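Structure, as structure tokens:
Values in this text are rule-based calculations from the coordinates and carry no lab data. The shown structure was predicted, so the numbers you read here are calculated from the model rather than taken from an experiment. So basically every Cβ, Gly included, is an ideal-geometry build from the backbone, and we count neighbours across all protein chains shown.
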Amino acid sequence: MHIIFVVTWFAGLFYIVRLFIYFAEAAEKPEPEKNILQNQFKLMQKRLWYGITWPSAMLTLIFGVWMLYLYSGFQNIPTWLWLKIAFVIGLFLYHFSCHKIFKQQQAGLVKQSSTQLRIWNEVATLFLFAIVFLVVLKNSLDFIWGIVGLVLFGVILMLAIRIYKRLRTK
């Protein structure tokens, strides 16, 4: 159950930021197109955020804590699991930041450009990459090489965003 809700939580996080991007891009459209699009995106955001993303985050947390209890009884937690917990805390901070953007856009405010939001969308990818690799590889991966790999993956993602932006503007 934990894995299933992790997947649905990430699906919600990835899609909500796409909807943020579309909402921000709709702000540049002329009326009445802008109003029609933004109203539709607000409705889609609300349904996704409260119907899938928040419930999935809470169920992920509940089943994760339950697994932690079953795994260790909250004692003798291995280092890799502490690192995973740290990344999960970071993911929840990301989730709360997305909630702030959600609230802004529900109020009709656009404070980030579509490019900033595209970059923001990749932050969830970094969390996913780090958490999955920690769980799968556990102690077999040297910490330093893991950090180097994560940084390189982040650089590749940022380069991909820049290339995509150049291709879009042509």
Fill in: Mean Cβ neighbour count within 10 Å, used as a protection proxy, ranking 103-115, 15-27, 66-78, 151-163 highest first
15-27, 103-115, 151-163, 66-78
Worksheet item: Where Rh denotes the Kirkwood radius from the mean inverse Cα pair distance, what is Rg over Rh for the chain?
Response: 1.03
Discussion item. Let me check the size of the stretch 1-44 from its C-alpha atoms; what are the radius of gyration and Dmax in Å?
Written reply: 13.8, 45
Worksheet item: To the nearest µm²/s, what D does Stokes-Einstein give for the stretch 18-79 at 10 °C and 1.306 mPa s, using the Kirkwood radius over alpha carbon pairs as Rh?
Response: 110
Worksheet item: Angle, helix 114-137 long axis vs. longest principal axis of the chain, Cα atoms, 0 to 90°, nearest 10?
Response: 20
Discussion item. Between Lys29 and Met58, what's the calculated FRET efficiency when r is the beta-carbon distance and R0 is 25 Å? Round to 0.05.
Written reply: 0.10
Discussion item. How long are the semi-axes of the equivalent ellipsoid of the stretch 55-94, defined as square roots of 5 times the Cα gyration tensor eigenvalues? Whole Å, largest first.
Written reply: 18, 14, 5
Response to the item:
Between Met158 and Lys100, the two model label points (7 Å from Cα along the beta-carbon direction) sit apart by a distance in nm of 2.0
Discussion item. Using only Cα atoms and rounding to the nearest 10 degrees, what angle (0 to 90) does helix 33-48 make with the longest principal axis of the chain?
Written reply: 20
Worksheet entry | Note, ³J(HN,Hα) from phi for the stretch 62-68, Karplus 6.51, -1.76, 1.60, rounded to Hz, x at Gly and Pro | 4, 5, x, 5, 4, 5, 4
Worksheet item: Given the options Lys46, Lys34, Lys84, which has the most mean-square fluctuation in a GNM of the chain, springs set between C-alpha atoms less than 10 angstrom apart?
Response: Lys34
Practice prompt. Rounded to whole Å and sorted largest first, list the principal axis extents of the Cα atoms in the stretch 39-140.
Written response: 49, 25, 16
Worksheet item: Using θ = phi - 60° and the Karplus form 6.51 cos²θ - 1.76 cosθ + 1.60, what ³J(HN,Hα) does each residue of the stretch 93-99 get, whole Hz, x for Gly and Pro?
Response: 5, 4, 4, 5, 5, 5, 5
Worksheet item: Counting pairs of alpha carbon atoms under 8 Å apart in space and at least six apart in sequence, what relative contact order in percent does the chain give?
Response: 32
Practice prompt. Return the sequence-ordered ³J(HN,Hα) values of the stretch 12-20 in whole Hz as given by the Karplus equation 6.51 cos²θ - 1.76 cosθ + 1.60 applied to θ = phi - 60°, using x for Gly and Pro.
Written response: x, 5, 5, 6, 4, 5, 4, 5, 4
